[in-house]
Amino acid sequence: MTLPFFPPDLFDDDRELLLDTVRRIGLAEEQKFILGERTARFEEALRDELGAADVVACGSGTTALMLVLRAMDIGPGDEVVVPAFGCAPLAASVVNVGATPVFADVHPWTMVVEPYEVEQAITGRTAAIMPAHMFSVMADMPTMRELADRHDVRLIEDSAVAQGGVLEGIPAGRWGEAGVFSFVQVKTFGSIGEGGAVVTDDEEIGQRVRMLRNHGQDGKRRFVHHVVGFNSRFDEIMAEFQLHRLAGLAGRLERRAQIADYYTERFSGLVERGIQPPPTGRDGRCFYVYSLLADRRDELKRHLTEHGVGTHVYYPSPLPAQPAFAEYAPPGRFWPHAELAGSRILALPIYPHLTDAQVEHIADAVCAFPGGRP
């Protein structure tokens, strides 16, 4: 049995529908391929699903973050507190608007940013804090909301990996002044290409993002550019495809959660052998991937490969250790928990069409690893 980490057949059941969608939109008389009525219907469907005031579909989750920062007039001279462990866009989006990323360390188990580290990073130049949900756990958004209010800074929620997660009854993406999603293929609501969305209850932010994604145009008159904007427009084929897949999202999320529950139960006894599963429960959980922490991570990875189980390392280095962001890392400053996470994290397959037998095979392979401290 061989189980790849990134499955090649995510959309096999939708192949005929996808081909039909491409054919119909490609041959339609209006020849409207971006920001058409399908995009508008997709945004409306997500608004209804989330209970948000506005959803703006964008070209990617990365540009969605940047558009939010620009919509909030965050730029040169401003600082934005971001996790030290996570994907590059967390820091890159800040740098790309001319602001400075300030890195805060993460929790050693959940790998989401620590509230007390965020608070210590806030200065008189801080314009926003930008926590990110990670691979199995949402950030502590109630505390982040309290910190943002108390320090009078903006709160931006990076929910790129967490669509469908719910914390204390509030969906991921709804805790901040604005949140973002990503629709990259392997995300919880992944699609057939790049794409993302901004979610907000602030109508002004929504209007500004809508303009910024389309070269500063307001959608009423072409070639009238109210602000300097970007090209982050949403594709009509993806919009219709996502509208079709939205109805099955809840079922796919539930299957991911069931697999995670099974893994966590199976792995709970491995802690003494140097393998730590994520915390139990479902509140504030998001199972884009399922990540273990393993003392002998590289050996476990090889062991699982030998047993036909694909794995992935997110991420081998903290953001401030990356060459691109080294200039924003103060000399002598360390983020020990982020560094430890980079050396221990290992993600297992958790895509929803895994069969029970395949899930059991993955768990058996992990449990068969001899473990032990390095």
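The values are calculated or read from the model by the stated rules, or taken from the named source; none is laboratory data. The shown structure was predicted, so the numbers you read here are calculated from the model rather than taken from an experiment. Cβ sites come from the backbone with ideal geometry, for glycine too, and all protein chains shown count toward neighbours. These area figures cover heavy atoms from the full protein model, side chains too; ligands, DNA and RNA do not enter into them. Shrake-Rupley method; radii C 1.70, N 1.55, O 1.52, S 1.80 Å.
Can you pull out every residue in the stretch 1-14 that is modelled with pLDDT of 90 or more and either open to solvent by 40 Å² or more (accessible area, probe 1.4 Å) or among the aromatic types (Phe, Trp, Tyr) (or both)?
Scanning the stretch 1-14 gives Pro4, Phe5.
Of all residues in the stretch 162-200, which are polar (S, T, N, Q) and surrounded by fewer than 19 Cβ atoms within 10 Å (Cβ to Cβ)?
Of everything in the stretch 162-200, just one residue is polar (S, T, N, Q) and surrounded by fewer than 19 Cβ atoms within 10 Å (Cβ to Cβ), namely Gln185.
Determine, yes or no, whether Phe334 is within 27 Å of Tyr116 (Cβ to Cβ), aromatic (Phe, Trp, Tyr) and open to solvent by 60 Å² or more (accessible area, probe 1.4 Å).
Taking the combined requirement at face value, the residue satisfies it.
Picking from Leu18, Leu27, which residue would you name as being in contact (Cβ under 8 Å) with a residue 12 or more places away in the chain and more than 30 Å from Pro318 (Cβ to Cβ)?
Of the residues listed, the single one that is in contact (Cβ under 8 Å) with a residue 12 or more places away in the chain and more than 30 Å from Pro318 (Cβ to Cβ) is Leu18.
I'd like the residue in the stretch 110-137 that is part of a loop (DSSP other than H, G, I, E, B) and aliphatic (A, V, I, L, M) and, out of all such residues, is farthest from Leu67 (Cα to Cα).
Met111
Give me the pairs: first residue in the stretch 341-360 and of a type outside the set (Gly, Ala, Ser), second residue surrounded by fewer than 14 Cβ atoms within 10 Å (Cβ to Cβ) and part of a helix (DSSP H, G or I), beta-carbon distance under 8 Å, and six or more apart or on different chains, which are they?
Filtered contacts from the stretch 341-360: Pro352/Gly251.
Consider the stretch 35-46. How many of its residues are among the basic types (Lys, Arg) and open to solvent by 30 Å² or more (accessible area, probe 1.4 Å)?
Here the count works out to 1.
Could you list all residues from the stretch 175-189 that are outside any strand (DSSP E or B) and polar (S, T, N, Q)?
Gln185, Thr188
Are there any pairs, at least 6 apart or on different chains, whose C-beta atoms fall under 6 Å, with the first in the stretch 195-208 and in contact (Cβ under 8 Å) with a residue 60 or more places away in the chain and the second acidic (Asp, Glu), and if so, which?
Pairs that qualify, where the first residue is in contact (Cβ under 8 Å) with a residue 60 or more places away in the chain and the partner is acidic (Asp, Glu), are Thr200/Asp54; Asp202/Glu177; Gly206/Asp54.
Restricting to the stretch 230-261, name every residue that is assigned to a loop (DSSP other than H, G, I, E, B), out of contact with any helix residue (DSSP H, G or I) (no Cβ under 7 Å at 6 or more places or on another chain) and open to solvent by less than 60 Å² (accessible area, probe 1.4 Å).
Gly248
On the basis of being more than 22 Å from Pro349 (Cα to Cα) and among the small types (Gly, Ala, Ser), does Ala127 make the cut?
When the stated conditions are applied, Ala127 passes them.
Of the conditions (1) surrounded by fewer than 24 Cβ atoms within 10 Å (Cβ to Cβ); (2) over 24 Å from Phe85 (Cβ atoms); (3) at pLDDT 95 or above, Arg154 satisfies every one except a single condition; which number is it?
Single failed check for Arg154: (2).
Got a number for residues in the stretch 211-234 being touching a Leu at 6+ places or on another chain (Cβ under 9 Å) and touching a residue at least 60 places away in the same chain (Cβ under 8 Å)?
8
With respect to Ala57, determine if the residue is in contact with a strand residue (DSSP E or B) (Cβ under 6 Å, 6 or more places away or on another chain), of a type in the set (A, V, I, L, M), farther than 23 Å from Met144 by Cβ and not in a loop (DSSP other than H, G, I, E, B).
yes
Please go through the stretch 306-331 and give me each residue that is under 16 Å from Ser291 (Cα atoms) and open to solvent by 50 Å² or more (accessible area, probe 1.4 Å), ordered by number.
His312, Tyr315, Pro316
Please work out which residue is most open to solvent (accessible area, probe 1.4 Å), limiting yourself to the stretch 69-98 and to residues that are under 27 Å from Tyr288 (Cβ atoms) and of a type in the set (Gly, Ala, Ser).
Ala88
What do you reckon, is Arg344 out of contact with any Ser or Thr (no Cβ under 7 Å at 6 or more places or on another chain), buried (at least 18 other Cβ atoms within 10 Å of the Cβ) and basic (Lys, Arg)?
Yes; evaluated as a whole, the condition is true for this residue.
On the basis of being surrounded by fewer than 20 Cβ atoms within 10 Å (Cβ to Cβ), without any contact (Cβ under 8 Å) to a residue 12 or more places away in the chain and in a helix (DSSP H, G or I), does Glu49 make the cut?
For Glu49, the condition - surrounded by fewer than 20 Cβ atoms within 10 Å (Cβ to Cβ), without any contact (Cβ under 8 Å) to a residue 12 or more places away in the chain and in a helix (DSSP H, G or I) - is not met.
Just the residues that are out of contact with any strand residue (DSSP E or B) (no Cβ under 9 Å at 6 or more places or on another chain), outside any loop (DSSP other than H, G, I, E, B) and not acidic (Asp, Glu), please, taken from the stretch 138-174.
The answer is Thr143, Arg150, Ile170.
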